[in-house]
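Rule-based calculations on the coordinates, nothing more; no lab input. Please read these numbers as outputs of a predicted model, since none were measured by experiment. When we count neighbours, we look across all protein chains shown, and the Cβ atoms used for this are built from the backbone with ideal geometry, even at glycine.
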Amino acid sequence: MAKTLKCKYNDKLWNIYDIVELPIDEIWGTAPIIEDMSNKPFRKNLIEDIKKDGMHFPIMVVETNGRQCYDAKQKYQDKITPLPFVRGGTPGVNNDIIIYKSCWGGSQRLSIAKELGYTHIDAAILPSIQEAIDCQKYMREPFMQRYYLAEKK
């Protein structure tokens with residue numbers, strides 16, 4: 001039985017993108033797991049928030065082919081996780097037909113959802129990696145103090 005982490009989006013930005021329920025195991029989480037950020041327990045706080053309040057925004061997913069994944073890995077190198085395939089393997093990087101659902105906003109929530117036993121997650125389908133990266137600032141804005149900024153001393 002599917003267990004879905006639903007989003008509470010109620011914002012106009014998300015009304016321009018399709019929001020779909022996707023199987024977690026079919027999404028490549030592009031960002032490595034982050035335990036701490038700005039001297040705060042990022043992952044622990046996020047887990048507790050999801051347990052208590054669910055997920056505010058959907059994760060952002062881009063349908064990418066092997067070449068796009070490979071090019072992104074070349075550009076971002078260690079800032080993103082290993083590719084969902086091996087170069088020269090099946091499917092190869094030149095395969096423009098195979099589609100990968102790549103998470104470019106919400107990889108932390110994606111990994112936590114899986115850890116908490118969810119099988120599916122709400123995702124906004126964006127047209128490009130760059131558009132998803134551009135939307136990350138907007139998605140993070142309401143949570144800057146909680147997660148991203150260091151405590152004032």
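Structural remarks
- Distant-in-sequence amide H partners of ASN65 (H built 1.01 Å from N, under 5 Å): TYR100
- Where GluC sites (Glu not before Pro) fall in DSSP loop in the range 1-76, at most 11 other Cβ within 10 Å: GLU35
- By the rule of a C-alpha distance below 17 Å, with chain neighbours fewer than 8 residues away ignored, the aspartates and glutamates paired with LYS3 are GLU21, ASP25, GLU26, ASP53, GLU115, ASP122.
- Long-range HN-HN contacts of GLY105 with modeled amide H, under 5 Å: MET60
- Theoretical FRET efficiency, 1/(1+(r/R0)^6), r = Cβ-Cβ of MET1 and ILE47, R0 30 Å, to 0.05: 0.85
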